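Chemist: The structure's right below; bear with me while I get my questions together.
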Number of protein chains: 2
Amino acid sequence: MPTTSRPDKAPARASATGRRRDPEASRAAILEAAREAFTERGYARATIRDIARRAGVTHGLVMLHFTSKERLFLAAVPGTRDLTDLVAGDRETLPERIAAGFVERMESNPSGDPFVALLRSAATNEAAAANLYTAMQAHSESAYREALTGDDMDVRIGMLAAQLIGVTFTRYIVKVGRLAEMSADELRVHLSRVLHQILFA
Amino acid sequence: MPTTSRPDKAPARASATGRRRDPEASRAAILEAAREAFTERGYARATIRDIARRAGVTHGLVMLHFTSKERLFLAAVPGTRDLTDLVAGDRETLPERIAAGFVERMESNPSGDPFVALLRSAATNEAAAANLYTAMQAHSESAYREALTGDDMDVRIGMLAAQLIGVTFTRYIVKVGRLAEMSADELRVHLSRVLHQILFA
């Protein structure tokens, strides 16, 4: 069994051979290892090679399951992963659900969030950030397309993402100003209003 | 005369003693030196000491004129510096003027913009970014207060700043996606609409 960088905390893992025989188990092990690696090292510095080693599988198997680091990230962390569930439901209250999901996720664990990963990865590696943004956007457009129509819908989704990126930066990275000082509940209310206008006005 | 880090490019400068005798000349020299230093080194890494040296004045004189690095930055670069002029005028078309000013400034020289400086400084020094955000917010609130009223106006200004930060990040830092692909003119139109809703809806 390959060693991990946290042998004392890592649960006992099946052999690489065993993993290859059970696609569901290896997929789950890769996702768990990816969450660990992204949390510890950040999006830009985490590597597929390290994630494969932590999961006890080969680099090739990770790529077979997830095709790229961006897609693996989006599959592993909350946020974009849950977007399809979030979009299903009443169209009129979609902005409220997006705002509530965003605030709940950020208040409980901002460090594992895709927007925080995006902003932080741009600091060290703008190409990595560009790839991650592109993957997030493709995923969002595909999820929202179920619920939203209209010629400029992709622009509205881009503006909505920009609003969430700006709020993430202000409240969860620099952590100062009105948006950082208000309660989570106030943020949810104000953000619902703004997202509603961006998507539908 | 003190040496600068770009002696071949720096214009000939008056002595420190001469500067102290003419407050207007020393103020102008400090602003010019600050623009140079912020462009070359970025907001977080530029120092008052280096700016003073480039301007041929003392550290104390820079602080006497501008009181902090954040305030010196906001006085030196376009953007917040011009906000008071931008806010003066018809209240209803204020969002259009903000959007047009933002797009024009960013398209011509994004690297000198306060929002780019803010996002980049957070990468290396979150405390510096927090101080800069706080100074930018105080300046914006004071400028907008002339034109805008209402209980939640500071929240709306915070949301407007978040939108501009997110657009800056997407179009001028990671440079991918719908917001990066559209023309400057399209961006101005879409941004005007969103800022109008954020401020007035």
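Values in this text are rule-based calculations from the coordinates and carry no lab data. Every value quoted in this text rests on a predicted model; they were computed, and no experiment measured them. Cβ: placed from backbone, ideal geometry, glycine included. Neighbour counts: every protein chain shown.
Chemist: DSSP loop GluC sites (Glu not before Pro) in the stretch A:40-121 with at most 13 other Cβ atoms within 10 Å of their Cβ, which ones?
Modeler: A:Glu92
Chemist: Starting at 0 and stepping by 5 Å, how many percent of the alpha carbon pairs of chain A end up in each bin?
Modeler: All Cα pairs considered, the percentages come to 1, 7, 15, 18, 17, 15, 12, 8, 5, 2, 0, 0.
Chemist: Follow-up. Taking a temperature of 20 °C and a viscosity of 1.002 mPa s, what whole-number D in µm²/s does Stokes-Einstein yield for the protein assembly as shown with Rh from Kirkwood over alpha carbon pairs? Display every interim value, and only then the final one.
Modeler: Numbers: Rh = 23.0 Å.
Value of D from the Cα-based Kirkwood radius: 93 µm²/s.
Chemist: Ignoring everything except DSSP H segments at least 4 long, calculate the 222 nm mean residue ellipticity for chain B; use -39,500 (n - 2.57) per segment, divide by total residues, nearest 500. Display every interim value, and only then the final one.
Modeler: Working: 12 runs with 135 residues, N = 201.
Theoretical 222 nm ellipticity from helices: -20500 deg cm²/dmol.
Chemist: Let me ask another. With r as the distance between the Cβ atoms of A:Val189 and B:Arg41 and R0 = 45 Å, compute the FRET efficiency 1/(1 + (r/R0)^6) and round to 0.05.
Modeler: That gives a FRET efficiency of 0.65.
Chemist: Give the separation of the Cα centroids, the stretch A:39-95 to the stretch B:149-172, in Å.
Modeler: Cα centroid of the stretch A:39-95 versus Cα centroid of the stretch B:149-172: 29 Å apart.
Chemist: Next question. Just want the answer: with Cβ charges of +1 for Lys and Arg and -1 for Asp and Glu, which residue in B:Ser183, B:Gly150, B:Thr58 is farthest toward the dipole's positive end in chain B?
Modeler: B:Thr58
Chemist: Exactly which GluC sites (Glu not before Pro) in the stretch B:140-201 are in a DSSP loop and have at most 14 other Cβ atoms within 10 Å?
Modeler: B:Glu146
Chemist: Can you list, shortest first and in nm, the gaps between the label point of A:Glu40 and those of its counterparts in the other copies, using a point 7 Å from Cα in the C-beta direction?
Modeler: Label point to label point, same position, other copies: 4.2 nm.
Chemist: Near A:Lys175, which aspartates and glutamates are there with a Cα under 14 Å away, not counting those fewer than 8 places off in the same chain?
Modeler: Counting by Cα, and skipping residues close in sequence, A:Lys175 has these aspartates and glutamates nearby: A:Glu107, B:Glu126.
Chemist: In percent, what relative contact order does chain B have, based on Cα pairs under 8 Å that are 6 or more apart in sequence?
Modeler: Working: 202 pairs, mean separation 41.7, N = 201.
Computed value for chain B: 21 percent relative contact order.
Chemist: Long-range amide H contacts for A:Lys175: which residues qualify at under 5 Å (H placed 1.01 Å from N, peptide plane, sequence gap of 5 or more or a different chain)?
Modeler: When sequence neighbours closer than 5 places are left aside, there are no close amide H contacts.
Chemist: While we're here: Pick from B:Ala88, B:Ala135, B:Ala117: which residue has the top mean-square fluctuation in a GNM of chain B where Cα pairs under 10 Å get a spring?
Modeler: B:Ala88
Chemist: So the label point sits 7 Å from Cα along the Cα-to-Cβ vector; using that for A:Glu146, what distances do you get to the other copies, in nanometres, sorted shortest first?
Modeler: So the distances to the same position in the other copies read 5.0 nm.
Chemist: Output, in nm with one decimal and in ascending order, the distances from the B:Asp90 label point to the matching label points of the other copies (7 Å from Cα along Cα-to-Cβ).
Modeler: Label point to label point, same position, other copies: 3.8 nm.
Chemist: Report the FRET efficiency, 1/(1 + (r/R0)^6), for A:Arg145 and A:Glu92, where r is their Cβ-Cβ distance and R0 is 22 Å, rounded to 0.05.
Modeler: Given R0 = 22 Å and the Cβ-Cβ separation, E is 0.80.
Chemist: For the stretch A:150-201, give the magnitude of the charge dipole about the Cα centre (Cβ charges: +1 Lys/Arg, -1 Asp/Glu; no others), in debye to the nearest 20.
Modeler: Here the size comes out at about 240 debye.
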